[in-house]
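Some notes on the structure that comes next.
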Amino acid sequence: DGAIVARSPAAALSVGREETVVAWVVVNEQGQASQIEIAEGSDDFAEQVRAALRAARFKPAEDRLKPIRFPIALQFDFRIGAERAAGPA
């Protein structure tokens, strides 16, 4: 289904911590995250999001059928007992 799933940090899971992380991502012509900026979220959750985004592959945007770089904002909702899949921010 193409979802990007980030794992909750182990320390956060052990104490039942939940959080939302918002990331701005620039996707390059090859469909890889070439720039990742965390706009909201603590360091431990943000590092899990960065790792998931670095491993992800995106469908590049196109201009006149030629792949181009494009920015996107994604929101990861870390909730106990739920998937942490990215959605539009």
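The values are calculated or read from the model by the stated rules, or taken from the named source; none is laboratory data. Note that the structure is a prediction, hence the values are computed from the model and not measured. Using ideal geometry, Cβ is built from the backbone for each residue, glycine included, and neighbour counts are taken over all protein chains shown. Ligands, DNA and RNA are excluded from the accessible area calculation, which covers all protein heavy atoms including side chains. Shrake-Rupley method; radii C 1.70, N 1.55, O 1.52, S 1.80 Å.
Peptide packing for 36-42, 64-70 was compared via the average number of neighbouring C-beta atoms within 10 Å per residue; ordered from the highest value, the list is 36-42, 64-70. At a probe radius of 1.4 angstrom, the accessible area of the chain per residue rounds to 62 square angstrom. Counting only DSSP H runs of at least 4 residues, each contributing -39500 (n - 2.57), and dividing by the residue count of the chain, the helix-based mean residue ellipticity at 222 nm comes to -5500 deg cm²/dmol. Output the 0 to 90 degree angle, nearest 10, between the alpha-carbon long axis of helix 43-55 and the longest principal axis computed from the alpha carbons of the chain. It works out to around 40 degrees.
What's the carbon and sulfur percent of the chain's accessible surface, probe 1.4 angstrom, rounded to a whole number? Ligands and nucleic acids excluded, carbon and sulfur reach 50 percent. Can you pull a Stokes-Einstein diffusion coefficient for the chain at 4 °C (1.567 mPa s), Rh from Kirkwood over Cα pairs, as a whole number of µm²/s? My calculation gives 96 µm²/s for D.
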